[in-house]
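J.: Encoded as structure tokens, here's the structure I'll be asking about.
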Amino acid sequence: MPQTHAAVSHAENPDVIVIGEALVDVVTTSKGTIEHPGGSPANVAYGLGRLEVSTALLTSIGDDERGAAIERHLSTAGVALLPGSRTQGRTASATATLAADGSAHYDFDIAWDLKPVTPAYLPKVLHTGSIASFLAPGAAVVKGLLEQAHRECLVTYDPNIRPALLGSHAEALAIFEELVPLTDVVKLSDEDAQWLYPGQQPKEAAARILGLGAGLAVITLGSEGSLLATPATQLHVPSVRTTVADTIGAGDSYMAALIYGLLCRSTDGLAPSVLETLGRTASKAAAITVSRPGANPPTVEELTAEFAAQLPVVERVPTAASVPTAVASPELLSAPPGS
């Protein structure tokens, strides 16, 4: 039997545990090349730390200088690495080439092999996603942790699709749809949704995710805002206008702020007013992030500054007939995590 590691000690119980890859983004522009700590789950953990949410990351980074740089970067936001996260070998990297509009194309050098772990306790929120949820052999460990956490704590999931690493569409879709029933909140970009469900509108993709058992499906729509859907309600939240420096980390900042909002909500479950606040908070976080280079998410002070004055009016979308109203939101979404 493989040796296991306790995910965290009882003396250091964070509110959120994030599971997934941490790597180095090598960003190439017309002005040259620069390295930033990255990886979608690591970015989410860092974003949560910047929002002053107690957070720890379970990952796999090398014993090289890049790995040390990632650990130092996370520590500046108060994010701790859980035992087993530093391994022998080199740290993964993603080479990002920026287009004129600030969008990024990635080429990856990654091997995802997460050590088996036995959680010492479950946090209020367990988040995972991206490469870590698809790429063997580590993906099997991630799935096992979701199976342990399911219905014991709030589980959030962002697949952050990277087609170049996923093999066939059919295989990737099967993995995604096996994980969704183990989660409470699923967030996708419109590009993720279109890749997973070609030809379907965002509200149709959201309906599919809800039908698989998630209690909240969120699809970000770039400059068009985001769609938040439960079995009973669909809301469209416009984006917050800003000047785009680049889009690196925008979706991860949105995800971090979404988790932050879930932790901060009252006892209203996922009532429309709660969805509005969640979407508006996350949209502002994404706008702040894209306004400056790299995955540089907002602090809690930036996110809450002049909040009411800077946020858009929310447009309510009639619930589509295809949304399965018979599916009940998971019990964990009926009250704040840890309540």
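The values are calculated or read from the model by the stated rules, or taken from the named source; none is laboratory data. As the structure is a prediction and not an experimental result, all values here were calculated from the model. Positions of Cβ are backbone-derived with ideal geometry, glycine not excepted, and every protein chain shown enters the neighbour counts.
Okay, residues lined up against (1) at pLDDT 95 or above; (2) under 19 Å from the mean Cα position of the chain (by Cα); (3) surrounded by 18 or more Cβ atoms within 10 Å (Cβ to Cβ):
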position: Val24; (1), (2), (3): no, yes, yes
position: Thr29; (1), (2), (3): no, no, no
position: Glu35; (1), (2), (3): no, no, no
position: Pro41; (1), (2), (3): yes, yes, yes
position: Val44; (1), (2), (3): yes, yes, yes
position: Ala56; (1), (2), (3): yes, yes, yes
position: Asp63; (1), (2), (3): no, no, no
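J.: I'm trying to understand the selection: among the residues of region 46-101, which are under 20 Å from Pro119 (Cα atoms) and assigned to a loop (DSSP other than H, G, I, E, B)?
T.: Val53, Ser54, Thr59, Ser60, Val79, Leu82, Pro83, Gly84, Ser85, Thr87
J.: Given Arg241, Arg265, which one is more than 13 Å from Leu188 (Cα to Cα), surrounded by fewer than 18 Cβ atoms within 10 Å (Cβ to Cβ) and of a type outside the set (Phe, Trp, Tyr)?
T.: From the options Arg241, Arg265, the qualifying one is Arg241.
J.: From the set of residues in region 60-84 that are free of Cβ contacts under 8 Å to residues at least 60 places away in the same chain and of a type in the set (Ser, Thr, Tyr), which is nearest to Pro137 (Cα to Cα)?
T.: Checking each candidate, the answer is Ser75.
J.: Residues that are modelled with pLDDT of 80 or more and polar (S, T, N, Q), at least 3 per element: which helices (runs of 4 or more DSSP H) completely within region 227-339 meet that?
T.: Fully inside region 227-339 and qualifying: 272-290.
J.: Still on this structure, please answer the following. Of these, Lys203, Lys143, which one is of a type in the set (D, E, K, R) and over 17 Å from the mean Cα position of the chain (by Cα)?
T.: Within the list Lys203, Lys143, the selection yields Lys203.
J.: Take the residues in region 288-301 that are out of contact with any Pro (no Cβ under 9 Å at 6 or more places or on another chain) and within 18 Å of Gly222 (Cβ to Cβ); name whichever of them is surrounded by the most Cβ atoms within 10 Å (Cβ to Cβ).
T.: Here the answer is Pro297.
J.: Further question: May I ask you to verify whether Ala80 is buried (at least 16 other Cβ atoms within 10 Å of the Cβ) and either modelled with pLDDT under 90 or under 27 Å from Leu188 (Cβ atoms) (or both)?
T.: Taking the combined requirement at face value, the residue does not satisfy it.
J.: Determine, yes or no, whether Ala111 is among the aliphatic types (A, V, I, L, M), assigned to a loop (DSSP other than H, G, I, E, B) and out of contact with any helix residue (DSSP H, G or I) (no Cβ under 8 Å at 6 or more places or on another chain).
T.: Here the answer is yes, as Ala111 does meet what is asked.
J.: For region 194-211, check the following and say yes or no: at least one residue is touching a strand residue (DSSP E or B) at 6+ places or on another chain (Cβ under 9 Å), in contact (Cβ under 8 Å) with a residue 60 or more places away in the chain and of a type outside the set (Gly, Ala, Ser).
T.: Within region 194-211 (the criterion being touching a strand residue (DSSP E or B) at 6+ places or on another chain (Cβ under 9 Å), in contact (Cβ under 8 Å) with a residue 60 or more places away in the chain and of a type outside the set (Gly, Ala, Ser)), the answer is yes, since at least one residue qualifies.
J.: Using the structure shown, decide if Leu165 is over 22 Å from Ser223 (Cβ atoms), of a type outside the set (S, T, N, Q), surrounded by 14 or more Cβ atoms within 10 Å (Cβ to Cβ) and modelled with pLDDT under 95.
T.: Here the answer is yes, as Leu165 does meet what is asked.
J.: Just one of (1) more than 20 Å from Ser226 (Cα to Cα); (2) without any contact (Cβ under 8 Å) to a residue 60 or more places away in the chain; (3) in contact with a Leu (Cβ under 9 Å, 6 or more places away or on another chain); (4) surrounded by fewer than 20 Cβ atoms within 10 Å (Cβ to Cβ) trips up Glu171, so point out which.
T.: All conditions are met except number (3).
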